[in-house]
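The values are calculated or read from the model by the stated rules, or taken from the named source; none is laboratory data. Given the structure is predicted, the values throughout are model-derived calculations rather than measurements. Every residue, glycine among them, receives a Cβ derived from its backbone with ideal geometry; neighbour counts consider all protein chains shown.
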Ligand SMILES: [Zn+2]
């Protein structure tokens, strides 16, 4: 079904946007402290600990960033569709991705209350690239290559999706725009705050880069940890965070992995994930189990 959507696409995307910025103090509570201490701190929440969102993101309007992202996303889908590289709603892998997204989305609201109003979308692009992204406002795309070449399990798909959703929830793109705005001086900054001409132009410029900006290491760590928690709460095994990034590293030895160029992997990525597993495993163990009827693509597409 629908294998002819798998034509190569020139849609050069990659997801997310970057920001390096200040070292966020993410405090990895040692495993199990929250749950096994007997008398949990009344103020403690279960799950991973990350710092507050960046104040720099407030320099530009979330609405404008989301509108720019929606335009970019829709443009990309249009291009993919013209090349017959947009998977139809009936494609089993689209249904799989949308099912997993539906399980994760209710857990995103705690990280960004506006996510309740987002018009979330999930699409599958017929490209061999190993890539996926979630743009500001919840516009998600997976490339067929990441599902097929990495033979991702549902748990691993949930890890990537949670990671990508976190970039949107924690407004890493908006943060980068805020940083760029700050460096352009007070006049443009003022117009950005007011949503006037100069700022609009700036946002238009930045909007064009939403698909290609590179995330910073700190944003990556945050996305890994919050993503782990989102997936665990949705009933996906957080240990898949380890197998996922091992698969990604192994694939990168054989060919280029587009996802790693925009989501740089630090030397401690896997050990950071492992160190945080005790914080999220109890959430996973208590979560309702997802439907497992979908699974990875059955066979590699033969088309180049
Ligand atoms: Zn990332």
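So here's what we get for this one:
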{"quantity": "Residue 28 being modelled with pLDDT under 50 and within 20 Å of residue 222 (Cα to Cα)", "calculated": "yes"}
{"quantity": "Count of the range 102-114 residues which are surrounded by 16 or more Cβ atoms within 10 Å (Cβ to Cβ) and touching a helix residue (DSSP H, G or I) at 6+ places or on another chain (Cβ under 6 Å)", "calculated": "5"}
{"quantity": "Residue satisfying all of: in the range 152-197; part of a loop (DSSP other than H, G, I, E, B) and modelled with pLDDT of 95 or more; surrounded by the fewest Cβ atoms within 10 Å (Cβ to Cβ) among these", "calculated": "153"}
{"quantity": "Scan of the range 51-90 for residues that are in contact with a helix residue (DSSP H, G or I) (Cβ under 7 Å, 6 or more places away or on another chain), surrounded by 18 or more Cβ atoms within 10 Å (Cβ to Cβ) and either within 16 Å of residue 124 (Cα to Cα) or free of Cβ contacts under 8 Å to residues at least 24 places away in the same chain (or both), ordered by number", "calculated": "72, 85, 86, 87"}
